[in-house]
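The values are calculated or read from the model by the stated rules, or taken from the named source; none is laboratory data. Owing to the predicted nature of the structure, the values given are computational and were not obtained by experimental measurement. We place every Cβ from the backbone using ideal geometry, glycine too, and count neighbours over all the protein chains shown. Please note that ligands, DNA and RNA were not included when accessible areas were found on the heavy atoms of the full protein model with its side chains. Shrake-Rupley method; radii C 1.70, N 1.55, O 1.52, S 1.80 Å.
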Amino acid sequence: FPSGNETFEKLGAIGTLSNLLIYLTTVFNLSNIKAATIISVFNGTANFGTLLGAYICDTFLGRYNTLAAASLASFLGLLLIQLTAAIPGLHPPSCGKSSDAATCKQPTGGQMSFLLTGFALMIIGAGGIRPCNLAFGVDQFNPNTESGRRGINSFFNWYFFTRGVQRMISVTLIVYIQANVSWSIGLAIPAILMLISCALFFGGTKMYVIVKASGSPVTSLIQVFVVSIKKRNLKYLDSNSLFNYIPKKSINKPLPHTDQFNWLDRAAILTPADKINSEDGSPENPWNLCSLQQVEEAKCVVRVLPIWVSGIIYYLAIAQQGTYAIFQANQADRRMGNTKFQVPAATYGVFLMLSLTAFIPVYDRVLVPFLRRLTGKEGGITILQRLGVGVLISVLSMLVSGVVEEQRRRIALTRPTLGMSDRNRGEISSMSAFWLVPQFVLAGLAEVFGAVGQVEFYYKQFPENMRSVAGALNYCGIAAGSYLSTALIQLVHRTTEGAPTGNWLPEDLNKGRLDYYYYLVGGLGVLNFGYFLWCSSGYRYKKAKDEVVQPEVKGSA
């Protein structure tokens, strides 16, 4: 039930977003640039909102209550977006398939406000569901048993497997209905599925392991930085002189002292001015004295941040397959063989999902056990090695995208075309859109290693009480990638508009050089890979002070 909760939220969000570019350009009559910008900003804001959702979850509501409220918000958001298609007064009049996009009537302020209200509710829903859902699922396992630890490892892989299945449904069945039957019906399906999701989630309430909110761990992190600055002039001796205190109800495992980031250790230096509570041994003023445990937890977060930064460029590459790759398909031959049936442009994203979904079981059941026998590591390879492979494949996907686009454009300019695309945005190249499949497949493989690896990395390297924050951090990386994509698109569009080579990203891709843009993103990826290797070389994995694996109890996870 917990994984289904986000599955249907994603089915609504991604199922809509994968074809929303087409919806905004055909129903709301927006330009490609405006539509791509709205999608990127919405996706970025929804993912950055997970930080606030994680804070509310950990500090006030707990994961279950946060998921409950966020699920209802997602449903209402999807319902409002569906109404923009169902009610004629909530969208501008259609200007016909053959009309020029520049002459189409634009939406009114009220119509855009109604649409954006639906987006806002979906952002609220995503902000609560995305950081808490995976953490809520992990709560159902016992990490102190061998089967529980392996169960968590498999849970991450199969969690993304179910998401892959959901995304395949969204970009095939739902997108087909939206593009060929009715936008009203096509947008109603995600709303109905989200309603079913709410019913399933609430129906499983009695089965869940529910962890109550224990206060914001972010406050503890801030205290470490504030106190270390206050005590920056104190002389640090050794770890034995540092104050250590672990609350009895803490769910975090005790961490040993590490010699990295020693400047943070000053926060735990006990001075004559610091007072200790006689009842439980805690500091009277946590803004003047922190425990060694707090300091080590802060170090865990600091170590992760440079790796997180490398994930931004990784997600920048993946984001291109959901925006300009769709426009590529729209100006390519989308016919199935010799038939008249045309595959909707947004449906080509299914090959990313197929690649992700097909390879995850192979990775989890075949590759990991094989590598485990060779390396002796529980996951077959280290998490950072897995991330590195993902970053490298994402670069390869951009290079392949550039080569394919170069051929699509060349064929469109040198051979007979198949007519005009929607809204006269350009001639349709006679190159089959199925040549886009390799770049989608590579992006899917990159997600198997990179996206799944990042989630596992954050959850395992963060303190146990920061699992919601760990989930939020992953989505913030996606958000930063989306915002960076938006900024890069705008920068390239404005910079190249008057260049001798012409605008790289015009409405008509045949008149642009999208391949150059892909190579630019690929070049950034190469630099990012070098940065990732440099960060990884000095990384130290989190290790509990006294890790003891409990004996197996039959039936336990």
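Specify the angular offset, from 0 to 90 degrees and rounded to the nearest 10, of the alpha carbon long axis of helix 467-496 from the longest principal axis of the alpha carbons in the chain.
40 degrees
Checking the table 249/543; 249/542; 235/543; 230/299; 248/377; 206/299 against a 29 Å threshold on Cα-Cα, which pairs fail?
Values: 249/543 20 Å; 249/542 21 Å; 235/543 27 Å; 230/299 18 Å; 248/377 32 Å; 206/299 37 Å.
As for pairs spanning more than 29 Å Cα to Cα, those are 248/377; 206/299.
Considering only C-alpha atoms, what is the centroid distance from segment 110-144 to segment 335-390, in Å?
25 Å
Could you run the Karplus curve 6.51 cos²θ - 1.76 cosθ + 1.60 with θ = phi - 60° over segment 307-321 and give me ³J(HN,Hα) per residue in whole Hz, x for Gly and Pro?
Values per residue, Gly and Pro as x: 5, 4, 4, 5, x, 5, 5, 4, 6, 4, 5, 5, 4, 5, 6 Hz.
So what J values fall out for segment 156-161 if you push phi through Karplus, 6.51 cos²θ - 1.76 cosθ + 1.60 with θ = phi - 60°, rounded to Hz, Gly and Pro as x?
Once θ is set to phi - 60°, the couplings for segment 156-161 become 4, 5, 6, 4, 6, 4 Hz.
What are the ³J(HN,Hα) couplings of segment 69-80, residue after residue, when phi is run through the Karplus curve with 6.51, -1.76, 1.60 and θ = phi - 60°? Round to Hz, x for glycine and proline.
Ordered by residue, 3J(HN,Hα) equals 5, 5, 5, 5, 5, 4, 4, 5, x, 5, 5, 5 Hz.
Just add up the charged neighbours of residue 490: K/R +1, D/E -1, any other residue whose Cβ is under 12 Å from the Cβ of residue 490.
Working: positive: 34, 494; negative: 497.
So the surrounding residues net to +1.
With an 8 Å Cα cut-off and a minimum separation of 6 or more residues, compute the relative contact order for segment 311-396 in percent. If you can, show how the numbers build up before the last one.
Working: 43 pairs, mean separation 21.3, N = 86.
Value for segment 311-396: 25 percent.
On the accessible surface of the chain, probed at 1.4 Å, how many percent belong to carbon and sulfur atoms? Intermediate values should be presented prior to the final figure.
Details: 15080 of 23260 Å².
Taking all protein chains in place, the chain shows 65 percent carbon and sulfur surface.
Taking amide H atoms as placed 1.01 Å from N in the peptide plane, list the residues 5 or more away in sequence, or in a different chain, whose amide H sits under 5 Å from that of residue 504.
Under 5 Å from the amide H of residue 504: 496, 513.
Enumerate by residue number the trypsin sites (Lys or Arg not before Pro) in segment 190-277 meeting two conditions: DSSP loop (anything except H, G, I, E, B), and at most 10 other Cβ atoms within 10 Å of the site's Cβ. The partial results should precede the final answer.
Values: sites: 206, 212, 230, 231, 232, 235, 248, 249, 266, 275; in loops: 212, 231, 232, 235, 248, 249, 275.
Taking segment 190-277 and a limit of 10 other Cβ atoms within 10 Å, the loop trypsin sites (Lys or Arg not before Pro) found are 212, 232, 235, 248, 249.
Here are labelled values, [x] 175; [y] 233; [z] 149, and one is the computed volume of the Cα convex hull per residue in Å³ for what I pasted. Which one?
[x]
Could you check the simple spin-label distance between residue 87 and residue 366, using points 7 Å along Cα→Cβ, in nm with one decimal?
5.2 nm
Mind jotting down the distance between the C-alpha centroids of segment 475-546 and segment 190-219, whole Å?
Result: 35 Å between the Cα centres.
Return the loop-located chymotrypsin sites (Phe, Trp or Tyr not before Pro) in segment 337-442 (DSSP other than H, G, I, E, B) with at most 14 other Cβ atoms within 10 Å of their own Cβ; answer none if there are none. Before the final figure, lay out the partial values.
Values: sites: 341, 348, 351, 359, 363, 370, 434, 435, 440; in loops: 341.
Sparse-neighbourhood loop chymotrypsin sites (Phe, Trp or Tyr not before Pro): 341.
May I ask you to give the solvent-accessible area per residue for the chain, in square angstrom, as obtained with a 1.4 angstrom probe? Display every interim value, and only then the final one.
On the way: 23260 Å² over 557 residues.
Ligands and nucleic acids excluded, the result is 42 Å² per residue.
Modelled label-to-label distance, residue 527 and residue 181, 7 Å Cα→beta-carbon offset: nm?
4.7 nm
As I understand it, the value is the acute angle between the Cα axis of helix 514-537 and the longest principal axis of the Cα atoms of the chain; what does it come to in degrees, rounded to 10?
The two axes meet at around 10 degrees.
Using Cα pairs closer than 8 Å and at least 6 residues apart in sequence, work out the relative contact order for the chain, in percent.
For the chain, the relative contact order is 22 percent.
Alpha carbon centre of segment 224-286 versus segment 294-321: separation in Å?
26 Å
Against the longest alpha carbon principal axis of the chain, how many degrees, from 0 to 90 and to the nearest 10, is the axis of helix 383-414 turned?
The helix 383-414 is inclined about 10 degrees to the chain.
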